[in-house]
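The values are calculated or read from the model by the stated rules, or taken from the named source; none is laboratory data. This one's a predicted model, so the numbers in the text were calculated from it and none came from an experiment. Every residue, glycine among them, receives a Cβ derived from its backbone with ideal geometry; neighbour counts consider all protein chains shown. Quick note on the areas: whole protein, heavy atoms, side chains included, nothing else; ligands and nucleic acids left out. Shrake-Rupley method; radii C 1.70, N 1.55, O 1.52, S 1.80 Å.
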Amino acid sequence: MAFWSKRQTEHVISPQPQTPTESVPAESVNPLAKIDKIIAIASGKGGVGKSTVAVNLAKALEQKGARVGLLDADVMGPSVPIMLKLPTPTRMNGKLVVPPQHGNTKVMSSAMFAPQGRANIMRGPMAGNFVRQLLLQVDWGELDYLIIDYPPGTGDIQLSLSQTSPMTAAILVSTPQDIALADVGKAAQMFETLKLPVLGVVETMSWFVCDQCEKRHFIFKQGGAETFAKRLGIPLLGQIPLDPALTECSDSGEPIVTRMGNSPSAQAFYEAADKILGELSVLQEQKHDGLLSFSLTWQ
Ligand SMILES: Nc1ncnc2c1ncn2[C@@H]1O[C@H](COP(=O)(O)OP(=O)(O)OP(=O)(O)O)[C@@H](O)[C@H]1O
Ligand SMILES: [Mg+2]
């Protein structure tokens, strides 16, 4: 049974453990069937800026004309509905919930089904089921990209997500200091175990430019993610400054790429989005080459 049902005019949560056959929809109604690429935004570490990157990347891709969906998979600490000021879904399409939109981006989050400010208190398996339903019982339609904002950690929910959906790749997010990068390294190991390609790392809070001197101040250490990326042999996809305007935009429900598109932080997100698209093309070519060599070997 779906966790959302209509009671009066509101959707309410009733996360029910499901049998495996119930949780995987039939091919004909698979809501992920028309999604070209599914991308995980993860870090292992909490509070480093995953949701900020996920939201601004989604909106940057939308501005480029892509059809984008954004799933907030952080059922314990959902932030996307605040960052995008989103309402509760109001429509169903058959058994699927129609996701609300921010501009043209389709968005889904557990917070849309909880009374405002209430915690989702649940054990790991229940949280895993919940997040699977957020993915599989939503009318995503045709999308070029579904961006998934992962919760921190390398546990039940992360594994459920990575094993439920046909993921294309993961992007790691980290601040520059060693303490954050240590946990981000664990997320990289998780994706290696799951055989999911890691596109690279986006560094956040890389430096602060004060309005008096225009100089970059490296509050959390300089070049941490670059060194980390070299060690793992993955690209550094971008560096986002520590910017009070970014916090302000997130808190007010309007991402910086929408509200202040010319700001240095928004430009940093656009550069990261371009680099990510470049890496996705490389990945696609590698897959294509892989298939060609398979067919040659097969013959
Ligand atoms: N580059 C930045 N400059 C200023 N503030 C930032 C920056 N990146 C993130 N923040 C702020 O830091 C806080 C944490 O960011 P965010 O919620 O994106 O992190 P998270 O990794 O998703 O956290 P969690 O692990 O709890 O989900 C938010 O208030 C956000 O607005
Ligand atoms: Mg988050």
G94 modelled with pLDDT of 90 or more and surrounded by 14 or more Cβ atoms within 10 Å (Cβ to Cβ) | no
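Let's see how each residue does on (1) more than 14 Å from ligand 1 (Cβ to nearest atom); (2) under 21 Å from R132 (Cα atoms); (3) out of contact with any Lys or Arg (no Cβ under 8 Å at 6 or more places or on another chain):
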| residue | (1), (2), (3) |
| --- | --- |
| S160 | yes, yes, no |
| Q163 | yes, yes, yes |
| A169 | yes, yes, no |
| V173 | no, no, no |
| D178 | yes, no, no |
| D183 | no, no, no |
| A188 | yes, no, yes |
Give the residues of region 255-277 that are within 17 Å of the chain's Cα centre (by Cα) and of a type outside the set (V, I, T), sorted by residue number.
-> P255, F269, Y270, A272, A273, D274, K275, L277
Answer residue from region 38-82, given it is assigned to a loop (DSSP other than H, G, I, E, B) and open to solvent by less than 10 Å² (accessible area, probe 1.4 Å) and is farthest from ligand 2 (Cβ to nearest atom) among those = V75
Selection count where residues are farther than 13 Å from S174 by Cα and either touching a Ser or Thr at 6+ places or on another chain (Cβ under 6 Å) or assigned to a helix (DSSP H, G or I) (or both), scope region 225-240 | 3
Name the residues in region 104-116 that are in a helix (DSSP H, G or I) and open to solvent by 30 Å² or more (accessible area, probe 1.4 Å), would you?
-> A111
Taking region 225-260 and keeping only residues that are out of contact with any Asp or Glu (no Cβ under 6 Å at 6 or more places or on another chain), of a type in the set (A, V, I, L, M, F, W, C) and open to solvent by less than 10 Å² (accessible area, probe 1.4 Å), one is left with F228, A229, L237, I240, C249, I256, V257
